[in-house]
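Undergrad: Okay, handing you the structure first.
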Amino acid sequence: MINLFQELKKIIKYRHLLFRLVIVELKVRYKHPFLGFLWAFIVPLFMILIFMFMFSYVIKLPHKGYPFFIFLVSGLFPWNYLILSISASTTSLLDRGDIIKKVYFPRAIIPMSIVAVNLVLFIFSLGLMLVFLIICKVKLSPLIFLLPVIILMQTFFILGLSFIVSSLQVKYRDVKYIVEVLLFVWFYLTPIFYPLDLIAIIPGPLLKIYMLNPLTQIITFYRIALISNYVNNIPPQIGLFGLMLSNFLICTTVFLFGFVIFKKQEPQFVDLI
């Protein structure tokens, strides 16, 4: 039986190592490029500018009171946060095998550091998006105060998945390929490029199943928190409260389940790596 609180205390005790790994990863990532850490701003900035040009001047798509590129990046940035975290976390334990074999520390810190690095970059991209919302005179949502809660929920969800895939990859080396395929399929099952109201025509039971996609819920919440009146796009049979409750339960369950799976596999890491 895993004592969850005891395990979390261990992680808190080694929090300095977590911070150290995050700082080292950021330094390594941006050490050699000439512009260094500025790339953390430049990449999302160019992504926004390209989509802004494409969907404002080349392909003019009508949308409800806000530019289509705003709708697009509000889904792409959270998606990138997830896919970059999961992809890197999958092999993170194997990549840090030399440290795992030499020193004891809670192994969960390794995938957590990967997620933390991508969280930092994601927050920068969200900040840029807020700037463009103001520049384009898009009316901000009165529910913007929910933004930190949504970020926290998505982070817990990503951590849970990262614990699962990183621990299974140590034992089953095919996991990273399965993850790549699943992420590809998941992208098209999530309303990133298409609006949620297109899905509202699905019959009731199927719509409820579709809305159980955690990333559909998460991206919908980002848009609700950023774009005024987007809350009206939630299917009435689901409702805002129902969506919030469902997302909280799913994200929390995935985090706890992932952590338990990770702790059960942890004793085998040294031998399998």
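Undergrad: If we scan the stretch 88-103, do we find a residue that is within 17 Å of the chain's Cα centre (by Cα) and either without any contact (Cβ under 8 Å) to a residue 24 or more places away in the chain or under 21 Å from ILE219 (Cβ atoms) (or both)?
TA: yes
Let's see how each residue does on (1) of a type in the set (A, V, I, L, M, F, W, C); (2) free of Cβ contacts under 8 Å to residues at least 60 places away in the same chain; (3) over 29 Å from ILE11 (Cβ atoms):
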| position | (1), (2), (3) |
| --- | --- |
| ILE70 | yes, no, yes |
| LEU82 | yes, no, no |
| SER125 | no, no, no |
| ILE134 | yes, yes, yes |
| SER141 | no, no, yes |
| LEU147 | yes, no, no |
| PHE157 | yes, no, no |
| LEU161 | yes, no, no |
| SER166 | no, no, no |
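Undergrad: Give me the pairs, please: first residue somewhere in the stretch 238-260 and more than 14 Å from LEU4 (Cβ to Cβ) and in contact (Cβ under 8 Å) with a residue 60 or more places away in the chain, second residue anywhere and assigned to a helix (DSSP H, G or I) and among the small types (Gly, Ala, Ser), beta-carbon distance under 7 Å, and either six or more positions apart or on two chains.
TA: VAL254/GLY160
Undergrad: Checking LEU133 against (1) loosely packed, with under 14 Cβ neighbours inside 10 Å; (2) at pLDDT below 90; (3) not β-branched (Val, Ile, Thr), which test does it fail?
TA: In the conditions (1) loosely packed, with under 14 Cβ neighbours inside 10 Å; (2) at pLDDT below 90; (3) not β-branched (Val, Ile, Thr), LEU133 misses (1) alone.
Undergrad: Could I ask something else about it? Scan the stretch 245-268 and give yes if some residue there is in a helix (DSSP H, G or I), more than 21 Å from the chain's Cα centre (by Cα) and among the aliphatic types (A, V, I, L, M), otherwise no. Can you show your working first?
TA: As a first pass, look at the stretch 245-268 and keep what is in a helix (DSSP H, G or I): 245-268.
Add one more test, that the residue is more than 21 Å from the chain's Cα centre (by Cα), and what stays is 263-268.
Remaining after also requiring among the aliphatic types (A, V, I, L, M): none.
No, the stretch 245-268 contains no residue that is in a helix (DSSP H, G or I), more than 21 Å from the chain's Cα centre (by Cα) and among the aliphatic types (A, V, I, L, M).
Undergrad: Is at least one residue of the stretch 176-198 surrounded by 12 or more Cβ atoms within 10 Å (Cβ to Cβ), among the charged types (D, E, K, R) and within 20 Å of SER87 (Cα to Cα)?
TA: Among the residues of the stretch 176-198, at least one is surrounded by 12 or more Cβ atoms within 10 Å (Cβ to Cβ), among the charged types (D, E, K, R) and within 20 Å of SER87 (Cα to Cα), which makes the answer yes.
Undergrad: Scan the stretch 150-163 and give yes if some residue there is more than 21 Å from THR220 (Cα to Cα), aromatic (Phe, Trp, Tyr) and surrounded by fewer than 17 Cβ atoms within 10 Å (Cβ to Cβ), otherwise no.
TA: At the first step, the residues of the stretch 150-163 found to be more than 21 Å from THR220 (Cα to Cα) are 162-163.
Still in the list and also aromatic (Phe, Trp, Tyr): 163.
Remaining after also requiring surrounded by fewer than 17 Cβ atoms within 10 Å (Cβ to Cβ): none.
Within the stretch 150-163, none of the residues are more than 21 Å from THR220 (Cα to Cα), aromatic (Phe, Trp, Tyr) and surrounded by fewer than 17 Cβ atoms within 10 Å (Cβ to Cβ).
Undergrad: Are there any pairs, at least 6 apart or on different chains, whose C-beta atoms fall under 7 Å, with the first in the stretch 42-60 and in contact (Cβ under 8 Å) with a residue 40 or more places away in the chain and the second hydroxyl-bearing (Ser, Thr, Tyr) and part of a helix (DSSP H, G or I), and if so, which?
TA: PRO44/SER125
Undergrad: Right, next: Which residue is surrounded by the fewest Cβ atoms within 10 Å (Cβ to Cβ), if the candidates are limited to the stretch 204-244 and must be β-branched (Val, Ile, Thr) and assigned to a helix (DSSP H, G or I)?
TA: Across the stretch 204-244, the extreme among qualifying residues is ILE209.
Undergrad: Give the number of residues within the stretch 164-175 that are surrounded by 14 or more Cβ atoms within 10 Å (Cβ to Cβ) and of a type in the set (Ser, Thr, Tyr). It would help to see each step written out before you state the result.
TA: Step one: filter the stretch 164-175 for residues surrounded by 14 or more Cβ atoms within 10 Å (Cβ to Cβ), giving 164-170, 175.
After this cut, where a residue has to be of a type in the set (Ser, Thr, Tyr) as well, the list is 166-167.
Residues in the stretch 164-175 being surrounded by 14 or more Cβ atoms within 10 Å (Cβ to Cβ) and of a type in the set (Ser, Thr, Tyr): 2 in total.
Undergrad: Could you list, in sequence order, all residues of the stretch 167-192 that are under 16 Å from the mean Cα position of the chain (by Cα) and among the polar types (S, T, N, Q)?
TA: Across the stretch 167-192, the qualifying residue is only THR190.
Undergrad: Here's another thing I want to ask about it. Mind checking which helices (runs of 4 or more DSSP H) fall wholly inside the stretch 1-114 and carry at least 1 residues that are at pLDDT below 80, at negative phi and surrounded by 12 or more Cβ atoms within 10 Å (Cβ to Cβ)? Explain how you work it out, then say what you get.
TA: Numbers: elements: 4-13, 15-31, 39-53, 68-90, 92-95, 97-102.
Where helices (runs of 4 or more DSSP H) fall fully within the stretch 1-114 and carry at least 1 residues being at pLDDT below 80, at negative phi and surrounded by 12 or more Cβ atoms within 10 Å (Cβ to Cβ), they are 4-13, 15-31, 39-53.
Undergrad: Restricting to the stretch 128-149, what's the tally of residues that are touching a helix residue (DSSP H, G or I) at 6+ places or on another chain (Cβ under 9 Å) and not in a helix (DSSP H, G or I)?
TA: Matching residues across the stretch 128-149 total 6.
The values are calculated or read from the model by the stated rules, or taken from the named source; none is laboratory data. Only a predicted model underlies this, so the values are computations on that prediction, with no experimental measurement involved. As a convention, Cβ positions derive from the backbone with ideal geometry for all residues, glycine included, and neighbour counts pool all protein chains shown.
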